[in-house]
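Student: Next up is a structure, given as structure tokens.
Here, each number is a calculation from the coordinates, and none is a lab measurement. What you see is a predicted model; the values in this text were computed from it and never measured. Backbone-built Cβ (ideal geometry, glycine too); neighbour counts: all protein chains shown.
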Amino acid sequence: MNAHQLKVIFFRTFPGNIYKKYRRRYLETKKIDRFLQLHHIQDDKIVPDIYDSVRKYHMTIEEYFQFGFYRLPPDERKEFVPDRERFLLCDRMNKGENRILFDNKALTYGKFRQFYKREVLGVDILGHEKFNQVLSRYAGKVKAFLQRHHEFILKPIDGSLGAGVSLWNVDDTVSDQVVEKLLKTFVKKNKGGFVLEEKICQVPKMAELHPKSVNTVRMNTVRFDDRIEVLHPFLRIGRGDSIVDNAGAGGIIATLDENGRVKAAADENGVFYDRLDDIGLDIIGWQVPCWKEMVDFVKQLAMVIPSNRYTGWDIALTDKGWCMVEGNTRAQFVWQIPDRVGFRSEINNILAELGL
């Protein structure tokens, strides 16, 4: 009897809600076992504490291990802000129309064009449009873009966490047939639209962290009435064969001190790193180049839309200087993972000063 037959029998034997409850608990158990192994924890007595924390602090199982709750007393645990609270907190600081602008990569580029320092072409597809209509509107623009940039990046127009990002190459001769074929492929992969970006060529110092991805710095800014402050900056470092540096794609989060030196580094599982073994580089103490210029750069970005109080800026360093990769109005508080310090008192003080 195979797994499918067993599943059918189970469904016929038990009501659907019992099966769902059983399956959810089974998956949770598998997840907990995986994290216990990753963190080299052999004492399964912490399992009740995991579920108690999920209820008490509104954490996920992942966050319990990411934040190292198994080592922390209650007064430190309550300081951590779980991801499920992030949307509410960010939306209190930022206007809704700003999120619409930042969530659409083509609109973002239109607003911040001067800071990108590279060419970006947005293909926005309306829900009722047929492919021939998209081809008619964009074939000429896409062909001209490909003739200028034989190597480029494709991104979903509303994508996040590095999902759907891919690197493409075309021959020197770009025919109409090639353009139509590529457009058909891009539209099939991205129903709502996409952007084509000139490939970023990062400086060698940033490339040494992981040559296959553009390794960016996430600079979070808070815009007060009288000043702009930089909040918990961190490096995003790609790993393996990935061309993106997002933690959700297996990348490493490395928090930075006030001078741009790495304090701590961890992945999305809460596993810490002192050294990048695949390239033989000690990461703690690694210095981000052109630090002061970067701080000045993100403060310029934060002034473009004054009503957006909190923004997470992803920026890359090229031979043209720092350039904007994208902006996020709901930027995650993932620096809590490597820092193992909660953010609640700090965000409450920020909200109070903003009058929120």
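Student: Report, by chain and number, residues whose modeled amide H sits under 5 Å from the one on Asn190, excluding near sequence neighbours (fewer than 5 apart, same chain).
Tutor: So Asn190 has HN proximity to no qualifying residue.
Student: Note down the relative contact order for the chain as a percent, whole number, built from C-alpha pairs under 8 angstrom at least six residues apart.
Tutor: Averaging sequence separation for qualifying contacts and normalising by length gives 19 percent for the chain.
Student: Hey, of (i) 284; (ii) 148; (iii) 199, which did the structure itself give for volume of the Cα convex hull per residue in Å³ when calculated?
Tutor: Correct label is (iii).
Student: If you average the alpha carbon positions of the stretch 56-88 and of the stretch 115-167, how far apart do those two centres end up, in angstrom?
Tutor: Value for the Cα centre distance between the two parts: 39 Å.
Student: 5 Å is the cut-off here: which amide hydrogens, built 1.01 Å from N in the peptide plane, fall below it relative to Val325, excluding neighbours closer than 5 in sequence?
Tutor: Here Asp314, Ile315, Ala316 satisfy the definition.
Student: If I model a spin label at Lys205 and Asp296 as a point 7 Å from the Cα along the Cα→Cβ vector, what separation in nanometres do I get?
Tutor: 1.5 nm
Student: Reachable aspartates and glutamates from Lys56, Cα under 17 Å, same-chain residues fewer than 8 places away excluded?
Tutor: Answer for Lys56, where 17 Å is the Cα cut-off: Asp75, Glu76, Glu79, Asp83, Glu85, listed by chain and number.
Student: Go through Gly327, Gly127, Gly251 and say which Cα lies farthest out towards the positive end of the charge dipole of the chain; charges sit on Cβ, +1 for Lys and Arg, -1 for Asp and Glu.
Tutor: Highest projection toward the positive end goes to Gly127.
Student: Would you calculate, for the chain, the mean residue ellipticity at 222 nm contributed by helices, counting each DSSP H stretch of 4 or more residues as -39,500 (n - 2.57) and dividing by all residues, to the nearest 500?
Tutor: -12500 deg cm²/dmol
Student: Tell me, in nm to one decimal, what length is gained between Ser307 and Leu88 on full extension, where the rule is 0.36 nm per residue of separation less the Cα-Cα distance?
Tutor: 77.2 nm
Student: Enumerate the calculated ³J(HN,Hα) couplings along the stretch 280-288 in order (Karplus 6.51 cos²θ - 1.76 cosθ + 1.60, θ = phi - 60°), each rounded to whole Hz, writing x wherever the residue is Gly or Pro.
Tutor: Per-residue couplings from phi come out as x, 10, 6, 8, 5, x, 5, 9, 6 Hz.
Student: Please sort 112-125, 171-184 by packing, taking for each peptide the average over its residues of neighbouring beta carbons within 10 angstrom, highest first.
Tutor: The packing order, highest mean first, is 112-125, 171-184.
Student: Could you give each residue of the stretch 133-149 its phi-based ³J(HN,Hα) in whole Hz, using Karplus coefficients 6.51, -1.76, 1.60 with θ = phi - 60°, and x for Gly or Pro?
Tutor: 5, 4, 4, 5, 6, 10, 4, x, 5, 5, 4, 5, 4, 5, 5, 8, 9
Student: Another question, then. Going down the list Lys105/Lys320; Lys95/Lys184; Lys105/Lys292; Lys111/Lys184; Lys111/Lys292; Lys105/Lys181, which pairs span over 32 Å between their C-alpha atoms?
Tutor: As for pairs spanning more than 32 Å Cα to Cα, those are Lys95/Lys184.
Student: At a 10 angstrom cut-off on C-beta neighbours, averaged per residue, how do the peptides 203-214, 126-137 rank from highest to lowest?
Tutor: 203-214, 126-137
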